[in-house]
1. Quick one: Thr213, Thr83, Thr13, fewest Cβ neighbours within 10 Å first, how do they rank?
2. For the chain, set up a GNM with springs between Cα atoms under 10 Å and report which of Asp98, Asp233, Asp200 has the largest fluctuation.
3. With +1 on each Lys and Arg Cβ and -1 on each Asp and Glu Cβ, how big is the dipole of the stretch 100-179 about its Cα centre, in debye rounded to the nearest 20?
4. Distance in nm between label sites at Glu135 and Thr208, each 7 Å beyond Cα in the beta-carbon direction?
5. Extending each Cα 7 Å along its Cβ direction at Asn215 and Arg253, get the distance between those two points in nm, one decimal.
6. Among DSSP beta bridges whose residues both lie in the stretch 1-137, state the antiparallel percentage, nearest 5.
7. Order by neighbour count: His217, His157, fewest other Cβ atoms within 10 Å first, most last.
8. Starting from the 7 Å offset along Cα-to-Cβ, what nm value, one decimal, do you get for the label separation of Gln265 and Thr109?
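What follows draws every value from the coordinates through simple rules; no lab data is involved. If you're wondering where the values come from, they're calculated on a predicted model, not measured in any experiment. Cβ: placed from backbone, ideal geometry, glycine included. Neighbour counts: every protein chain shown.
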Amino acid sequence: MFAERTIPPLLATDEPPAVSILRPQGQAPLLLVCDHASRQVPRALADLGLPEAELSRHIGWDIGAAAVTERLAARLDAPAVLTGYSRLVVDCNRRPDDPTSMPDISDGTAVPANRDLSDAGRRQRLEALFHPYHERIAALLHGFQRRGVVPAVVSVHSFTPVMRGFQRPWHIGILWNRDPRIAVPLLAALEAEGDLVVGDNEPYSARTGCGHTINTHCEPAGIPSVMLEIRQDLIADAAGAEAWAARLERLLRPILAAPALRHRQVH
């Protein structure tokens, strides 16, 4: 009998880590996650055969999402978990068996290194990038549990202003499925601002399986959670990211303080 061949590590020792943790000792009963925080590609994958202009587009990462997450973590004193590599290498917000997990075409752009990807190549990416990200989320949630705290989880994403020729009107979308505890009051608070077009499960819907991170770590455990989708042109620079972090801090603080969020609610 032959032993299973070991898959070589994807990342060199001098490359950035697969996952970044901000404010691990943050005191807020809140965990922020950013599934598409980086456009980085492991050196061994040679930029996936793509030019920088493609990797820096929305297909490579969620533009502005990491900047908002970092600022919101600091404002709320909350821990945050951010991916270290591009969603084109492996999408940490998709099931590994999802065809879009390692897409060979993304928004019309062919991804050469993802074409005819071998099982070993897929496993290498999952072991190097996908599993470490979700293991750190699980570990931080377990830490809250050990302290007797039920945290809220806010997943920060961004969306492109135009998709397939459609000009998306929303400034922000709130994605949620069965747990309304954060989503419903946040929708009301955003709409009350008076200067926003707010999407309820737009431009994507959490009720169609969108959101592997929330679906894995939160809903089965009854942890209150929500996904934010902010339009990328609003947060593409530091000023926009800071403005949206300030707005979200102001609106989220009273919602996160609600007693209803301090217990698990399994549907």
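1. Working: Thr213 22, Thr83 29, Thr13 5.
Lowest to highest Cβ neighbour count: Thr13, Thr213, Thr83.
2. Asp98
3. Details: 10 positive and 7 negative charges, 53 e Å.
Charge dipole, the stretch 100-179, about its Cα centre: 260 debye, nearest 20.
4. 3.4 nm
5. 3.6 nm
6. On the way: 6 of 9 bridges.
The antiparallel fraction comes to roughly 65 percent.
7. Working: His217 20, His157 26.
Ascending number of Cβ neighbours within 10 Å: His217, His157.
8. About 3.9 nm separates the two model spin labels.
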